[in-house]
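The values are calculated or read from the model by the stated rules, or taken from the named source; none is laboratory data. Not measured: the values here are computed from a predicted model. Because the Cβ atoms are built from the backbone with ideal geometry, glycine has one as well, and the counts that use them run over all protein chains shown.
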Amino acid sequence: MKISGRTFVVSGGASGLGRACVRDICAGGGNAMILDMNEELGAALVAELGPSAKFLPCDVTDTDNIASVVAATVAWANSTGKPLGGVIPAAGVGNPGLTLDKSLRPVSLESIDFVLSINLRGTLDLVRQVLPHIAAASPEGPDGERGVVVMVASAAAFEGQMGQVSYAASKGAVAAMTLPMARDLARFGIRVVTIAPSMFDSNMTAQLSDKVREGLKKAMEFPPRPGKPEEFASMVRQAIENAMLNGVVIRLDGATRMPSKL
Ligand SMILES: NC(=O)c1ccc[n+]([C@@H]2O[C@H](COP(=O)([O-])OP(=O)(O)OC[C@H]3O[C@@H](n4cnc5c(N)ncnc54)[C@H](O)[C@@H]3O)[C@@H](O)[C@H]2O)c1
């Protein structure tokens, strides 16, 4: 599918991996609707990219909020003549918590709900509300493609570390949704790809302590450095453009396998 001439919805699009996708989509001739809670970063990105990007504040845990920003995206796509071509639900949070800590306190239900409501429910809710509009687009090219869903899992879906039980649950679920969603959407000419990155530079990983950062570096094979957001965006572009990528979870990790302890 071509990026040019289509509109893509990117949640978490104001920062990190989502922001790199927004930049790449706009550079490729597409329009990007940035959905994020960070209004300052969202406004700065629109100022940088001009009319091919639009920002709307959105909390992906709020289903009514999603409904109104999706309606606004559809109106924007109609007014620009660039129909909806895909959704990249990249909003996510880490929020570490041990299953059981040294004082025998189990992980709190609040933190479980917080992580699952953004990373899992927020992903699926945004995707499901955008899908009817992608399915309504005219089929494109010899395969009759209508659009692409590119979800964001994590290496933690496979090798979650200590303190990542909720995060791993959310990302494992995103990885597990990929194939059934691809099967459900095949009849509409909509593909589903999930990318599972290892450590990438972003606001999320900037919060890691030097000790954790150095420990993670030791687990890296090649290249021995965190991924760059542009490298993530390049994979998303491939997921959009390559019609044979469907129903798959792609590890983007330079052969890193997260160890048990750092
Ligand atoms: N950076 C990494 O190393 C890494 C590795 C694996 C997976 N991921 C995943 O990539 C995605 C992007 O993360 P990032 O590293 O770019 O982090 P980031 O913190 O730079 O960006 C995440 C964005 O999500 C937004 N957000 C958070 N809660 C939201 C909500 N309720 N509604 C709407 N927006 C919300 C934040 O405001 C922020 O702009 C996440 O799903 C993360 O779990 C990141």
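Restricting segment 31-44 to residues that are buried (at least 23 other Cβ atoms within 10 Å of the Cβ) and within 18 Å of Glu230 (Cβ to Cβ), the residue that is nearest to the chain's Cα centre (by Cα) is Ile34.
Return the total of residues in segment 153-190 being assigned to a helix (DSSP H, G or I) and more than 16 Å from the ligand (Cβ to nearest atom). Number of matching residues: 10.
Answer yes or no as to whether Val22 is without any contact (Cβ under 8 Å) to a residue 40 or more places away in the chain, surrounded by 24 or more Cβ atoms within 10 Å (Cβ to Cβ) and more than 8 Å from the ligand (Cβ to nearest atom).
yes
Under the condition of being buried (at least 16 other Cβ atoms within 10 Å of the Cβ) and hydroxyl-bearing (Ser, Thr, Tyr), the residues counted in segment 199-244 number 2. Counting residues in segment 211-229 that are modelled with pLDDT of 95 or more, touching a strand residue (DSSP E or B) at 6+ places or on another chain (Cβ under 8 Å), of a type outside the set (A, V, I, L, M) and part of a helix (DSSP H, G or I) gives one or more. Kindly evaluate Thr194 against the criterion of being closer than 20 Å to Arg128 by Cβ, of a type in the set (S, T, N, Q) and touching a helix residue (DSSP H, G or I) at 6+ places or on another chain (Cβ under 9 Å). So Thr194 fits the description; yes.
Only helices (runs of 4 or more DSSP H) whose full extent lies in segment 46-152 are considered here, and the ones with at least 1 residues that are in contact with a Cys (Cβ under 9 Å, 6 or more places away or on another chain) and within 16 Å of the ligand (Cβ to nearest atom) are 63-80, 122-135.
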